[in-house]
Structures are given as C-alpha cells and as structure tokens.
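Below: one structure, written as structure tokens.
The values are calculated or read from the model by the stated rules, or taken from the named source; none is laboratory data. If you're wondering where the values come from, they're calculated on a predicted model, not measured in any experiment. Here the Cβ positions follow ideal geometry from the backbone for every residue, glycine too, while neighbour counts run over all protein chains shown.
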Amino acid sequence: GDTIIDFQEHANYLTLDVICDTAMGVPINAMEQRDSSIVQAFRDMCYNINMRAFHPFKRSNRVFSLTPEFSAYQKTLKTLQDFTYDIIEKRVYALQNGGSKEDHDPSLPRKKMAFLDTLLSSTIDGRPLTRQEIYEEVSTFMFEGHDTTTSGVSFSVYLLSRHPDVQRKLYREQCEVMGHDMNRSVSFQEIAKMKYLDLFIKEAQRVYPSVPFIGRYCDKDYDINGSIVPKGTTLNLALILLGYNDRIFKDPHHFRPERFEEEKPAPFEYLPFSAGPRNCIGQKFALLELKTVISKVVRSFEVLPAVDELVSTDGRLNTYLGLAPDEKLKREAGRHKYDPILSAVLTLKSDNGLHLRLRERRS
C-alpha cells in the first residue's frame with residue numbers, strides 16, 4: 001500500500017499478454033519476461049509507429065530508409081515477422097494434425113479459439129487466406145489492440161486512485177454481482193450486469209480518450225458553413241477536447257460517471273471509438289477487456305494516489321484539458337510531480353507515467 005508504482009508501465013505488459021493470447025492463442029509472458037526479445041520488439045515497434053506518424057519527413061519510407069534509426073527498425077520488424085509467421089505455421093501444423101502436438105509444445109496455441117483460428121478457417125471469394133493476408137490481419141489486430149487498451153486501462157485505474165467515492169461505488173457493485181467469492185474469474189454475463197462499471201468506463205474515456213485524434217481524408221470537396229475543404233485534404237479531429245465541450249457535457253471538469261445515465265450524448269457528440277463506416281472494429285473487444293481488468297483490479301486492490309494529498313475531494317479533475325489559457329497556466333503552475341504530463345500521439349499516454357499505490361483487499 002505504500003509502494004508507488006508506475007501503473008502505465010505495468011498495463012503495457014498486461015495488455016500485450018492479453019492481445020497475444022487473444023490474437024494468436026500463445027502466451028508470451030510479457031509481465032514476467034519484460035526483457036525478452038519479442039517483448040522489446042513490440043515496444044520498439046510501437047515507438048517507431050508513433051514517432052513516424054508525427055514526423056513530416058520520416059513518414060516517407062524513402063526518407064526514413066536514410067536515417068540512423070532505419071537499421072534498428074528493420075531488425076525489429078524482422079523479429080516480429082519471424083515470430084508471427086512461426087506461430088501461424090505451428091497453428092497450421094497443429095490443425096492439420098488434430099492438435100496432437102499442443103500438449104507437448106507450450107508455444108503452440110491452446111485449444112480455445114483465437115483470432116488466428118478464425119482467420120485460418122476464413123475464405124475470400126471461396127479461397128483460403130494466404131499466409132501474407134493472415135499475417136497482416138493478425139499484426140493489425142495486435143498493434144491496434146495493444147497501445148489503445150494500454151491507455152484505456154492505465155488512465156481508468158489512475159482515475160480510481162484520484163476519485164475514491166467512485167471507487168467505493170464500483171466496489172459495492174462488484175460485491176453485489178460477484179457474491180462471496182470475489183477472487184474467481186468474472187463471466188461475460190456478470191460483466192453485463194455491472195452497470196456502474198459501464199458508466200465509469202464511459203466517463204473515463206470522455207476525459208482521457210485512448211485515441212486523442214482521428215484523421216479523415218476528403219475524397220471530394222466539402223462545403224462547411226461556406227468554407228470549402230478541398231478534395232485530398234486530411235482533417236485531424238481532436239477527440240481529446242470533445243469531452244470538455246460544456247455545450248455537450250455539463251461541468252466537464254468534474255468526474256461523474258452518472259452523467260451518462262442521466263443524459264445520453266447525441267450521435268457524434270461522444271466518440272471514444274470514432275463513428276461512421278470507419279469506426280473502431282475492435283471496440284467490443286476493447287470494452288470487454290477494459291471492464292474485465294477494472295473489475296479484477298477493484299476486487300483485488302484499493303487503488304490509492306501516489307500521495308494522499310492528490311485525492312480529489314470535490315470530484316474535480318486535475319487536468320488542464322479544455323481550460324481557458326489563463327486557467328491552464330494557473331493549473332500548470334501548481335502541477336504536482338505525480339500529475340500526468342499528457343502526450344497525445346497516436347494513443348494517449350503520460351510522459352512521466354501514471355503513479356499510484358495498490359493496497360491489497362482482505363477478504
């Protein structure tokens with residue numbers, strides 16, 4: 001209960017374990033083997049993707065190939081490609097041989113269905129997917145589902161540490177739904193009964209959306225209130241500020257999950273998973289993972305701030321997002337060293353970590 005940890009770092013390894021197990025059906029034990037080559041390759045690749053996305057020159061493959069980072073990037077890419085192709089081949093072998101090797105080789109996927117199994121049994125126009133197509137789909141699923149859920153889990157648990165009243169309500173609901181055995185695994189049906197948990201996740205995504213910006217490419221000219229947005233323009237939309245629009249959310253700087261029960265936002269006013277035909281295809285998976293992890297954390301631990309003085313006694317958020325410039329400067333001047341320094345790249349992170357304490361609950 002007194003040890004201060006950077007929960008963002010722990011969440012990174014946790015979600016990597018979850019996504020590899022779900023996507024390919026193999027454990028990589030990232031939580032225990034943080035220095036393994038495959039775990040480091042995942043971290044390096046996530047860094048490269050974020051770095052290149054916001055660098056005007058390195059976005060170009062030709063320019064990036066001339067930089068000092070390129071050789072390390074190629075090595076990282078080969079490590080991940082070899083790992084993924086190896087798992088695909090092992091899974092094909094296991095399926096062709098009735099899964100007989102699974103009991104002897106722990107690196108082979110278990111008998112439960114994984115995303116990879118679905119791809120191996122899928123067809124396009126009557127033909128099975130090629131190894132390359134399967135590799136691309138698995139890679140997309142893993143990278144899209146890792147960084148985003150790391151952000152969602154990290155900031156949700158961080159908010160628990162700052163808002164004990166909300167945490168107590170969540171714990172009471174866990175007790176009501178789970179009964180006497182709080183240590184067992186939660187079922188899908190039980191997750192569906194946790195209404196306050198659902199409200200909490202929605203509010204957490206309002207104030208700290210996992211994906212702070214989304215881009216949309218204009219395939220034709222658009223007239224928006226008399227201003228022409230020409231074809232070929234890429235528009236970046238700041239979802240991170242949408243949640244602080246007081247025309248949509250009353251008292252946006254107060255953390256209050258109940259708001260989503262009292263007044264539901266209209267379509268396109270609340271977009272944690274984007275919207276329209278290009279919305280997040282993994283949102284149901286992401287929400288289920290978020291709820292499962294938060295349920296387990298709340299049942300197992302009392303989440304405390306890094307230091308007691310950081311508890312929010314009035315429900316106010318300690319973020320500067322959405323504030324007027326003078327208020328933002330005032331808030332920044334009084335920033336505590338354990339307050340997050342937000343970094344809005346492809347996913348939302350805190351440059352200085354998300355520090356808190358975990359006190360084990362006694363049954």
## Note on the structure
Restricted to the range 153-185 and to residues being surrounded by fewer than 19 Cβ atoms within 10 Å (Cβ to Cβ) and not in a helix (DSSP H, G or I), the residue nearest to the chain's Cα centre (by Cα) is SER185
### Query
Of the residues that sit in the range 264-317 and are among the charged types (D, E, K, R) and in contact with a Ser or Thr (Cβ under 9 Å, 6 or more places away or on another chain), which one is surrounded by the most Cβ atoms within 10 Å (Cβ to Cβ)?
GLU289
### Task
Determine the pairs where a residue that is within 15 Å of THR15 (Cβ to Cβ), located within the range 291-311, has a partner that is surrounded by fewer than 19 Cβ atoms within 10 Å (Cβ to Cβ) with Cβ atoms under 6 Å apart, the partner being 6 or more residues away or on another chain.
LYS291/ILE191
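Sort out which residues of the range 324-363 are among the hydroxyl-bearing types (Ser, Thr, Tyr), under 20 Å from ALA53 (Cα atoms) and in contact (Cβ under 8 Å) with a residue 12 or more places away in the chain, and write them in order of number.
Residues satisfying the conditions are THR347, SER350.
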### Out of ILE87, ILE5, sole residue that is surrounded by fewer than 17 Cβ atoms within 10 Å (Cβ to Cβ) and among the β-branched types (Val, Ile, Thr)
ILE5
### Task
Scan GLY215, GLY243 and give me the residue that is under 24 Å from VAL153 (Cα atoms), touching a Lys or Arg at 6+ places or on another chain (Cβ under 7 Å) and of a type in the set (Gly, Ala, Ser).
GLY243
### Task
Consider SER312 carefully, then state whether it is over 15 Å from the mean Cα position of the chain (by Cα), under 26 Å from GLN189 (Cα atoms) and polar (S, T, N, Q).
no
### Residue match in the range 102-119 (condition: at pLDDT 85 or above and surrounded by fewer than 13 Cβ atoms within 10 Å (Cβ to Cβ))
yes
### Query
Are there any pairs, at least 6 apart or on different chains, whose C-beta atoms fall under 8 Å, with the first in the range 245-273 and of a type in the set (S, T, N, Q) and at pLDDT 95 or above and the second crowded, with 19+ Cβ neighbours inside 10 Å and part of a strand (DSSP E or B), and if so, which?
none
### Flag for GLY145 being modelled with pLDDT under 85, of a type outside the set (D, E, K, R) and farther than 20 Å from THR15 by Cα
no
### Task
Run ARG359 past the list (1) modelled with pLDDT under 95; (2) in contact with a Phe, Trp or Tyr (Cβ under 8 Å, 6 or more places away or on another chain) and report the number of the one that doesn't hold.
(1)
### Selection from the range 9-24 of residues that are surrounded by fewer than 23 Cβ atoms within 10 Å (Cβ to Cβ), polar (S, T, N, Q) and closer than 15 Å to VAL157 by Cα
none
### Query
Could we say that GLU137 is within 30 Å of VAL345 (Cα to Cα), surrounded by fewer than 18 Cβ atoms within 10 Å (Cβ to Cβ) and in contact with a helix residue (DSSP H, G or I) (Cβ under 9 Å, 6 or more places away or on another chain) here?
yes
### Selection within the range 15-56 - more than 26 Å from THR67 (Cβ to Cβ) and either within 18 Å of the chain's Cα centre (by Cα) or in a helix (DSSP H, G or I) (or both)
THR15, LEU16, ASP17, VAL18, ILE19, CYS20, ASP21, THR22, ALA23, MET24, ALA30, MET31
### Condition check for ILE224: exposed (fewer than 13 other Cβ atoms within 10 Å of the Cβ), aliphatic (A, V, I, L, M), over 25 Å from THR150 (Cβ atoms) and at pLDDT below 95
yes
### Query
Looking only at the range 140-152, which residues are crowded, with 21+ Cβ neighbours inside 10 Å and of a type in the set (Ser, Thr, Tyr)?
THR148, THR149, THR150, SER151
### Task
Please list, ordered by first then second residue, the pairs with beta carbon atoms under 9 Å, 6 or more apart or interchain, first in the range 17-46 and at positive phi, second surrounded by 18 or more Cβ atoms within 10 Å (Cβ to Cβ) and small (Gly, Ala, Ser).
GLY25/ALA114
